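K.L.:
My questions will all concern the structure given below.
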Amino acid sequence: MTDLVSLSYSAALPEIVLAVGAMGLLMIEAFGGGSANGRSGNSDSNRGERAGWLAIFILVGTGALLLAQTGTERAFNDAFISDPFARFVKLLVLAGSAFAILLSFDDLRRAKVDRYEVPVLILLATVGMMMMISAGDLLALYLGLELQSLALYVLAAVRRDDVRSSEAGMKYFVLGALSSGMLLYGASLLYGFAGTTSFAGLEAAASAPGAATNLGLIAGLVFLLVGLAFKISAVPFHMWTPDVYEGAPTPITAFFAAAPKLAALALLARVLFDGFGGLFIQWQKIVIFLSIASMLLGAFAAIGQTNIKRLMAYSSIGHVGFALVGLAAGSEAGIEGLLIYLAIYLVTTLGSFACILAMRRDEGPVEDIYELAGLAENNLPMAFILAMLFFSLAGVPPLAGFFAKFYVFAAAVKSELYGLAIIGVLSSVVGAFYYLRIVKVMFFDEPKPRFSATAPYVKFVMITAGLFVVLYAVYPSPLIDAAAAAAKSLQL
Amino acid sequence: MALTAIFFYLFATLALASGAMVIVAKNPVHAVLFLILTFFNAAGLFILLGAEFLAMLLIIVYVGAVAVLFLFVVMMLDVDFAELRAGFIKNAPVGLLVGGVVLAELVLLVVARVAAPATPATIAAPIPQGTTNTEALGQILYTKYVYFFQGAGLVLLVAMVGAIVLTLRHKEGVKRQSIADQVARGPATAVKMVKVASGASAIPDAPAKR
């Protein structure tokens with residue numbers, strides 16, 4: 001009665017290694033290396049960093065295992081799919097997690113929350129994201145999403161003595177639980193009307209004649225989209241984003257803005273293409289609405305913000321809107337644009353947050369954008385890199401961000417979504433205002449006191465991101481080729 | 001057959017009676033204890049139905065965890081139940097309405113079953129002959145659904161780690177038990193012979209009391 005052939009684990013080997021690595025790390029740190037009571041706080045502060053390095057090592061190992069995989073493999077009765085699309089996004093997510101850990105060392109030590117649980121939770125969240133990206137079944141989708149989200153709620157509140165951090169964790173948890181409830185409700189409707197939870201089965205139900213008038217299927221799809229829109233913080237389900245981004249410790253915010261968004265967007269693409277290809281006309285309208293609303297709100301709401309973390313939150317909402325343009329196109333070119341967009345967004349965001357982490361005086365971190373005044377006089381390299389990153393986020397040629405937007409808009413035009421492309425271009429022009437305002441503050445305002453010295457890892461991330469953004473136009477083909485190969489595995 | 005019927009009526013009567021006692025008992029601790037009795041009787045009914053796995057689950061999860069949690073809440077939080085009960089008559093219509101809706105749904109379920117006898121057959125997935133339902137569940141849980149099973153395990157691990165990260169505090173100056181130190185204590189390290197002069201303190205360094 002058991003189909004033993006389907007129990008081949010090789011497709012999921014990277015996930016298994018990562019999960020076992022996370023648990024092993026937890027064991028090593030909990031039982032080894034000094035007892036929790038007694039011992040001075042000094043040895044504890046090194047433990048956070050040691051756990052972080054071990055976590056990065058595990059992430060790199062997982063990435064190597066991913067690179068060794070080829071072709072499309074399915075495991076666990078098709079609940080787990082490892083194809084070029086999944087591997088492309090997974091590599092990005094692993095890189096995002098590793099760089100977020102690298103960014104966290106200095107800041108968390110100063111905030112006295114450099115506990116070894118932080119890298120462990122980041123690893124477990126990464127396992128959840130990889131499960132999401134590879135999901136081939138509604139159950140796998142939900143479990144991956146919940147594994148990722150639960151770890152993120154805890155990470156948001158990890159500075160438990162700080163009111164804002166606790167508030168961020170609480171808000172994230174309550175709204176995240178609400179969205180999970182909606183998603184589950186949608187999934188149960190889908191199961192009721194399609195009779196299966198696998199994406200292949202859903203696709204069969206969605207392609208059957210009369211599926212477009214099957215209200216149960218459509219309602220389930222809408223609820224599923226609502227739940228996922230919460231996770232990618234697309235308008236009108238974005239309300240938690242600014243508060244959570246502002247309240248969570250900055251390196252954790254960097255992690256939030258980078259890896260989970262990628263995973264959730266990849267999951268959205270996977271479930272819509274693999275599971276609901278037959279209902280393309282129906283979901284395309286919803287995605288176009290989410291995309292336009294996110295782009296416009298991201299552009300206009302950020303204008304009034306003076307806290308740089310809130311500003312980045314609105315910026316990330318806007319960028320989700322741009323990424324959704326690629327999804328709305330519903331073509332291979334659209335997915336390719338989406339993947340390139342995600343890769344460039346990841347690097348730029350991590351670089352920007354490295355700069356935000358460098359905004360620190362001796363008395364503590366500062367988050368107001370006017371504290372950046374005159375940065376060009378105090379620290380020209382950092383001002384230059386930050387300006388390049390913000391120009392890239394705004395989409396100024398010839399920086400990487402311009403090409404990211406170009407690919408998704410080109411895909412939209414090719415799919416004859418002219419209105420969407422025009423609104424996208426206009427909102428990116430509006431959005432350019434607040435990025436340029438910061439550049440103006442940095443280069444032309446009266447200098448404020450200098451920032452204290454930046455930690456070497458933060459500097460490393462900053463410089464790497466800056467180089468990528470500036471030099472992308474010189475040699476773009478590896479990324480484009482990889483994205484094109486990945487997009488082929490997702491067919492409408 | 002008659003024996004089964006006797007047990008059915010025994011469990012059913014006790015379940016109904018103790019269910020009623022949960023509502024009417026004055027003492028909240030008694031109410032929770034009656035709730036536990038209800039769970040046990042419901043478990044008995046499940047065994048009569050041949051669902052021994054559900055019966056065990058009911059005992060382990062509801063009696064072992066949920067009811068004990070209720071007891072903790074009732075006993076540790078000082079809830080004034082007399083005050084809560086004061087609105088019993090006032091809230092009775094709402095309660096009756098909710099109860100009525102549930103009853104109507106149950107009746108509809110039975111009616112639907114009678115009207116369309118084919119429906120339950122398509123829903124139910126019968127277990128193979130010769131296996132107990134615990135075995136059947138295990139066979140499907142550890143093969144077809146092993147991925148979800150392990151994923152759910154990871155989710156629970158994260159919940160546990162999260163609870164510890166957010167609430168466990170190592171306060172300075174808290175005296176903790178060190179079992180190794182306690183076991184290693186012997187007469188040589190624990191006992192000190194002191195010659196006490198008459199009228200002096202037994203503690204050598206302390207000043208003598210007047």
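The values are calculated or read from the model by the stated rules, or taken from the named source; none is laboratory data. Everything numeric in this text was worked out from a predicted model, so none of it was measured. We place every Cβ from the backbone using ideal geometry, glycine too, and count neighbours over all the protein chains shown.
K.L.:
If you scan segment A:440-460, which residues turn out to be modelled with pLDDT of 90 or more and over 21 Å from A:Pro365 (Cβ atoms)?
P.N.:
Residues satisfying the conditions are A:Lys440, A:Phe443, A:Phe444.
K.L.:
Can I ask one more? Please name all residue pairs, on different chains or six or more residues apart, with Cβ atoms under 6 Å, provided the first residue is in segment A:1-24 and is over 14 Å from A:Ser134 (Cα atoms) and the second residue is assigned to a loop (DSSP other than H, G, I, E, B) and at pLDDT 55 or above.
P.N.:
Between residues of segment A:1-24 that are over 14 Å from A:Ser134 (Cα atoms) and residues that are assigned to a loop (DSSP other than H, G, I, E, B) and at pLDDT 55 or above, the close pairs are A:Thr2/B:Thr143; A:Ser6/A:Asn77.
K.L.:
Can you say whether A:Ala140 is facing another protein chain (nearest Cβ under 9 Å), crowded, with 24+ Cβ neighbours inside 10 Å and either farther than 29 Å from A:Val458 by Cα or among the aromatic types (Phe, Trp, Tyr) (or both), as far as the supplied structure shows?
P.N.:
Against the criterion (facing another protein chain (nearest Cβ under 9 Å), crowded, with 24+ Cβ neighbours inside 10 Å and either farther than 29 Å from A:Val458 by Cα or among the aromatic types (Phe, Trp, Tyr) (or both)), A:Ala140 qualifies.
K.L.:
Pick from segment A:155-214 the residues that are among the aromatic types (Phe, Trp, Tyr) and crowded, with 17+ Cβ neighbours inside 10 Å: which of them is nearest to the other protein chains (Cβ to nearest Cβ)?
P.N.:
From segment A:155-214, those among the aromatic types (Phe, Trp, Tyr) are A:172-173, A:185, A:191, A:193, A:199; that's our starting set.
Next, only the ones that are crowded, with 17+ Cβ neighbours inside 10 Å stay: A:172-173, A:193, A:199.
Numbers: A:Tyr172: 12, A:Phe173: 10, A:Phe193: 15, A:Phe199: 14 Å.
Ranking the candidates gives A:Phe173 first.
K.L.:
How many of the residues making up segment A:209-240 are farther than 20 Å from A:Ala177 by Cα and either of a type in the set (Ser, Thr, Tyr) or in contact (Cβ under 8 Å) with a residue 60 or more places away in the chain (or both)?
P.N.:
So the answer is 5.
K.L.:
Let me ask something additional. When segment A:74-118 is examined, which residues are found to be outside any loop (DSSP other than H, G, I, E, B), within 14 Å of another protein chain (Cβ to nearest Cβ) and closer than 30 Å to A:Thr197 by Cβ?
P.N.:
Pass one, segment A:74-118, residues outside any loop (DSSP other than H, G, I, E, B): A:74-75, A:80-82, A:84-110, A:117-118.
Then keep just the ones that are within 14 Å of another protein chain (Cβ to nearest Cβ); that gives A:74-75, A:80-82, A:108, A:117-118.
Hits for segment A:74-118 are A:Arg74, A:Ala75, A:Phe80, A:Ile81, A:Ser82.
K.L.:
Give A:Ala404, A:Ala410, A:Ala400, A:Ala376 a once-over and let me know the one that is surrounded by fewer than 24 Cβ atoms within 10 Å (Cβ to Cβ), over 24 Å from A:Phe105 (Cβ atoms) and modelled with pLDDT of 90 or more.
P.N.:
Being surrounded by fewer than 24 Cβ atoms within 10 Å (Cβ to Cβ), over 24 Å from A:Phe105 (Cβ atoms) and modelled with pLDDT of 90 or more holds for just one of A:Ala404, A:Ala410, A:Ala400, A:Ala376, which is A:Ala410.
K.L.:
Return the residues of segment A:341-375 that are of a type in the set (Val, Ile, Thr) and touching a Leu at 6+ places or on another chain (Cβ under 6 Å); say none if nothing qualifies. Give the steps one after another, and end with the answer.
P.N.:
Of all residues in segment A:341-375, those of a type in the set (Val, Ile, Thr) come to A:344, A:347-349, A:356, A:366, A:369.
Within segment A:341-375, A:Thr348 is the sole residue that qualifies.
K.L.:
Name the one entry in B:Ala159, B:Ala121, B:Ala82 that is in a helix (DSSP H, G or I) and either at pLDDT 85 or above or surrounded by 10 or more Cβ atoms within 10 Å (Cβ to Cβ) (or both).
P.N.:
Every option except B:Ala159 fails the conditions.
Let's see how each residue does on (1) of a type outside the set (A, V, I, L, M); (2) in a loop (DSSP other than H, G, I, E, B); (3) surrounded by fewer than 19 Cβ atoms within 10 Å (Cβ to Cβ):
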| position | (1), (2), (3) |
| --- | --- |
| B:Leu10 | no, no, yes |
| B:Ala17 | no, no, yes |
| B:His30 | yes, no, yes |
| B:Leu33 | no, no, yes |
| B:Phe39 | yes, no, no |
| B:Ala55 | no, no, no |
| B:Ile60 | no, no, yes |
| B:Val63 | no, no, yes |
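K.L.:
How many residues are β-branched (Val, Ile, Thr) and at the interface with chain A (Cβ under 7 Å from one of its Cβ atoms) if we restrict to segment B:147-172?
P.N.:
Within segment B:147-172, the first condition is being β-branched (Val, Ile, Thr), and the residues that meet it are B:155, B:158, B:161, B:164-165, B:167.
Checking the rest, the ones that are also at the interface with chain A (Cβ under 7 Å from one of its Cβ atoms) come to B:155, B:158, B:161, B:165.
Number of matching residues: 4.
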